[in-house]
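Structure first, then comments.
The values are calculated or read from the model by the stated rules, or taken from the named source; none is laboratory data. Nothing here was measured: the structure is a model prediction, and the numbers come from that model. No Cβ is skipped: glycine too gets one built from the backbone with ideal geometry, and neighbour counts run over all protein chains shown. Calculation scope for accessible area: heavy atoms of the full protein, side chains included, ligands and nucleic acids excluded. Shrake-Rupley method; radii C 1.70, N 1.55, O 1.52, S 1.80 Å.
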Amino acid sequence: MTDLAIAASGLRKSYGTKTVLDGIDIAVPAGTVFALLGPNGAGKTTAVNILSTLISPGAGSGPVRVGGHDLVAAPQAVRGSIGVTGQFSAVDGLITGTENMLLMADLHRLPKAEGRRAAAELLERFDLVEAADKPASTYSGGMKRRLDIAMTLVGDPRIIFLDEPTTGLDPRSRHTMWQIIRGLVAGGVTVFLTTQYLEEADQLADRIAVLHGGRIAAEGTAAELKRLVPGGHVLLRFSEPQAYEAAAAALRGAGRDDESLSLQIASGGSQRELRAVLDELDAAGIEADELTVHTPDLDDVFFALTDPADLAAVPHQTKETVR
Ligand SMILES: Nc1ncnc2c1ncn2[C@@H]1O[C@H](COP(=O)(O)OP(=O)(O)OP(=O)(O)O)[C@@H](O)[C@H]1O
């Protein structure tokens with residue numbers, strides 16, 4: 001298990017009587033991207049804060065190792081191997097991009113020349129050279145976020161924590177950020193990210209854990225998680241009630257929506273299954289006005305696993321691990 005960059009078992013944290021983390025296990029192999037997914041207030045930031053030594057693990061937590069160091073016994077060593085980009089920017093708007101970078105270099109006690117070299121190199125890498133001498137308050141949201149990550153990388157950490165790295169960014173900036181994260185991983189960095197965006201986890205993460213009610217409700221690759229939820233179907237829409245009724249009679253077992261004149265047929269979306277539906281329609285001489293194929297996406301997984309009603313009904317839901 002030495003190749004785990006982050007390993008935590010039975011991580012707990014409570015505030016007063018409120019249990020935020022109720023014993024979660026996390027194992028992130030070095031050089032991979034792990035996404036912790038959860039709705040607002042699920043405890044994602046709390047997990048990041050604990051793993052990055054900003055707050056202590058709650059009583060009863062199992063051992064936690066980050067970068068091979070024990071979190072409680074050697075917090076300084078952990079800090080030396082990680083970088084953290086929090087939800088709220090660490091960028092100081094009153095000073096320039098370069099000055100923000102040099103400030104980080106000072107915090108990392110880099111010799112002056114090395115600090116300047118690292119700052120220049122990172123500003124270049126994050127496409128901030130032109131803006132480098134302008135006050136950071138003039139930067140766009142995407143530029144500030146890039147500067148934030150560049151600052152995180154000053155000490156060349158091998159593990160980085162990104163708490164909701166693209167929240168509030170426009171689609172182009174979000175894609176740029178994804179490219180940056182992929183670039184980091186290609187360079188061997190381990191990334192622990194939290195996100196509310198399923199697409200983001202789908203795009204970036206090797207493994208995804210869904211946090212709900214203080215527990216990991218499910219964990220696996222995006223494909224494995226998608227397999228947890230049924231929901232693949234073919235949707236046929238009709239404009240003529242007669243055609244709709246005829247199709248419903250031909251496709252017995254299809255779910256009906258009489259208002260929208262649409263039929264839903266459970267399907268994995270394969271060519272063979274689609275052809276079977278079309279053959280039955282052809283045989284009955286019916287043509288649908290619209291046909292769409294819906295395969296389950298992470299949204300379906302998220303909604304299936306993080307229904308607030310579950311928490312009231314099943315306070316200790318079992319963890320689903322898919323391999
Ligand atoms: N210092 C604190 N004192 C009391 N309660 C806290 C404290 N920090 C966090 N909490 C509570 O713990 C819960 C989890 O918060 P956390 O910020 O970890 O969630 P999150 O998943 O990161 O949510 P978001 O997506 O909204 O940032 C919330 O209900 C929050 O109110």
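Within the stretch 1-20, the set of residues being aliphatic (A, V, I, L, M), modelled with pLDDT of 95 or more and away from the ligand (no atom under 14 Å from the Cβ) comprises 4, 5, 6, 7, 8. When you look at residue 191, is it among the aliphatic types (A, V, I, L, M) and at pLDDT 95 or above, yes or no? The answer is yes for residue 191. Only one of the listed residues (191, 210, 185) is buried (at least 21 other Cβ atoms within 10 Å of the Cβ) and away from the ligand (no atom under 16 Å from the Cβ). That residue is 191. So, residue 277, is that one at pLDDT 90 or above and not in a helix (DSSP H, G or I) or not? Against the criterion (at pLDDT 90 or above and not in a helix (DSSP H, G or I)), residue 277 does not qualify.
So is residue 168 in a helix (DSSP H, G or I) and surrounded by fewer than 19 Cβ atoms within 10 Å (Cβ to Cβ) or not? Answer is no for this residue. Taking every residue in the stretch 147-159 that is open to solvent by 10 Å² or more (accessible area, probe 1.4 Å) and pairing it with any residue that is aromatic (Phe, Trp, Tyr), at least 6 positions away or on another chain, the pairs with Cβ-Cβ distances below 9 Å are 152/161; 153/126. The C-beta contact set for the stretch 270-289 (first residue open to solvent by less than 50 Å² (accessible area, probe 1.4 Å), second residue among the β-branched types (Val, Ile, Thr), distance under 7 angstrom, 6+ apart or interchain) comprises 274/234; 274/293; 277/234; 277/265. With a requirement of 3 or more residues that are touching a residue at least 60 places away in the same chain (Cβ under 8 Å), assigned by TED's automatic domain parsing to the domain that holds residue 146 and under 17 Å from the mean Cα position of the chain (by Cα), the strands (runs of 3 or more DSSP E) lying completely within the stretch 176-267 that satisfy it span 190-195, 207-212, 215-220. Residues in the stretch 294-304 that are touching a residue at least 60 places away in the same chain (Cβ under 8 Å) and either assigned to a strand (DSSP E or B) or open to solvent by 90 Å² or more (accessible area, probe 1.4 Å) (or both): 294 only.
Just one of the numbered conditions (1) more than 20 Å from residue 45 (Cα to Cα); (2) open to solvent by less than 40 Å² (accessible area, probe 1.4 Å) is not true of residue 201: (1).
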